[in-house]
1. Can you give the net charge of the other residues whose Cβ lies under 14 Å from the Cβ of PRO29, counting K and R as +1 and D and E as -1?
2. In whole angstrom, and with the biggest value first, how far do the Cα coordinates of segment 13-91 range along each principal axis?
3. Grab the DSSP H runs of the chain that are 4 residues or longer, score each as -39,500 (n - 2.57), total them, divide by all residues and round the 222 nm result to the nearest 500 deg cm²/dmol.
4. Rounding to the nearest 20 debye, state how big the charge dipole of the chain is about its Cα centre with +1 on each Lys and Arg Cβ and -1 on each Asp and Glu Cβ.
5. Take TYR14 and GLU33, extend 7 Å from each Cα along the Cα→Cβ direction, and tell me the distance between the two endpoints in nm.
6. So which GluC sites (Glu not before Pro) in the chain pass both tests, a DSSP loop state and at most 10 other Cβ atoms within 10 Å of the Cβ?
7. Among THR15, THR56, rank each residue by its count of other Cβ atoms within 10 Å, from fewest to most, as a rough exposure measure.
8. What's the center-to-center distance, using Cα atoms, between segment 73-91 and segment 1-42 in Å?
Amino acid sequence: MTDNTAYISNDGRYTVFRFGDQRLKFIAPYSLERYDSVKAWDNGYLVVMAKYVHDTQPVEEYIDLVPIIDNLRMDAPGFLGPIKRVEVAHD
């Protein structure tokens, strides 16, 4: 793990976003099987390829982390600023 890389994965019905020792966990769509790849990262906005149980192929999805971080009363610019890239964690 590099200092400026964050990781996205899923844990059952939840999406997990990890950076350093911080971990955000929030509800994902009910039929999410897994995240396959990250297509783009733009300071809190993710474009990912996600595989769902009802689709044979992964589909492009969009995740905006800023409202989630704001709802947690965290410093969004402080948390997101150091992140330079996001990868799918396969753990």
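1. Values: positive: ARG13, ARG34, LYS51; negative: ASP11, GLU33, ASP55, GLU60, GLU61.
Net of charged neighbours comes to -2.
2. Its Cα atoms span 38, 22, 22 Å along the three principal axes.
3. Working: 2 runs with 12 residues, N = 91.
So the helix-based figure for the chain works out to -3000 deg cm²/dmol.
4. Numbers: 10 positive and 14 negative charges, 27 e Å.
Value, rounded to 20: 120 debye.
5. A separation of 2.3 nm, rounded to one decimal place.
6. Numbers: sites: GLU33, GLU60, GLU61, GLU87; in loops: none.
Answer in residue order: no site qualifies.
7. Working: THR15 23, THR56 6.
Result, fewest neighbours first: THR56, THR15.
8. With segment 73-91 and segment 1-42 each reduced to a Cα centre, they are spaced 10 Å.
Taken together, the values in this text are just the output of simple stated rules run on the coordinates, not laboratory data. The shown structure was predicted, so the numbers you read here are calculated from the model rather than taken from an experiment. Using ideal geometry, Cβ is built from the backbone for each residue, glycine included, and neighbour counts are taken over all protein chains shown.
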